[in-house]
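All remarks here apply to the structure that follows.
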Amino acid sequence: MKLNIVEKVLVNNPLRALAQRHFEVPRLKALGGPCPGAVALEIGGGQGEGARLIQSEFGAQQVISLDLDFDMVSRARQRLGERDDILCLQADCTALPLADASVDALFDFGVVHHVPHWPAAIVELNRVARPGATLYAMEVYRSLICHPLWKRVLEHPQHNRFDQDEFIAAWQAHGWTLLGQKRLGSGLGWLAMQKERHPAALDKAQCA
Ligand SMILES: C[S@@+](CC[C@H](N)C(=O)[O-])C[C@H]1O[C@@H](n2cnc3c(N)ncnc32)[C@H](O)[C@@H]1O
């Protein structure tokens, strides 16, 4: 779901970029470590600051930053300029234009809670992640999204929202392991997870 005008103002500004750099990135890096040389996918890249930080702070070699909203993609392209190491594209994270097992790191700076059928996003992200890939996520949860005040100001899908435990469990169901998590109350949190290195099907094939 695209952002309403209030949330666009909240995320398209220098303060948001500072919060990502000084507040969110250090937390995510402490939980999941850096990803030097990685091919990284960022969903819902917004104004493009996340892509810049994934490259400069996590050490990714190539960043593919996708957003559903072409206005956001244009803004990111304008802010980042021509770069070989960052590709900004318009795409929906429930239908990724990427091959199976093609990325080493997944970044979600507050995006999955905008997706109406969010488990479909996890299926897609799991599909494109290589065995051993790392997920870095900052998410916003049911207690904030469905709060009467925030419901009036911001626009999010209201049905079937999730809390941090449910978000973690959804990844675990695809064989991901929790590396670490932090919470700010019940409404906001950070986590890192890792996809299993040797999927069971592969292990069986190797034993046969
Ligand atoms: C809260 S903003 C976060 C933007 C940026 N990641 C940040 O941290 O500043 C959520 C972003 O996700 C995008 N988005 C929403 N639904 C999406 C989807 N299904 N696929 C890809 N991007 C989506 C929105 O257009 C928006 O740019």
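The values are calculated or read from the model by the stated rules, or taken from the named source; none is laboratory data. As the structure is a prediction and not an experimental result, all values here were calculated from the model. Ideal geometry is used to build each Cβ from the backbone, glycine not excepted, and the neighbour counts take in all protein chains shown. Just so you know, the surface numbers come from the protein's heavy atoms only, side chains and all, with ligands and any DNA or RNA stripped out. Shrake-Rupley method; radii C 1.70, N 1.55, O 1.52, S 1.80 Å.
Summary table
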| quantity | calculated |
| --- | --- |
| Residue 99 assigned to a helix (DSSP H, G or I) and either among the small types (Gly, Ala, Ser) or near the ligand (Cβ under 8 Å from one of its atoms) (or both) | no |
| Residue that is least open to solvent (accessible area, probe 1.4 Å) [pool: residues in segment 24-45 that are assigned to a helix (DSSP H, G or I) and more than 11 Å from the ligand (Cβ to nearest atom)] | 28 |
| Residue identified as closer than 17 Å to residue 24 by Cβ and out of contact with any Cys (no Cβ under 8 Å at 6 or more places or on another chain) among 106, 178 | 106 |
| Residues being more than 8 Å from the ligand (Cβ to nearest atom), closer than 16 Å to residue 3 by Cβ and open to solvent by less than 20 Å² (accessible area, probe 1.4 Å) - total across segment 73-96 | 2 |
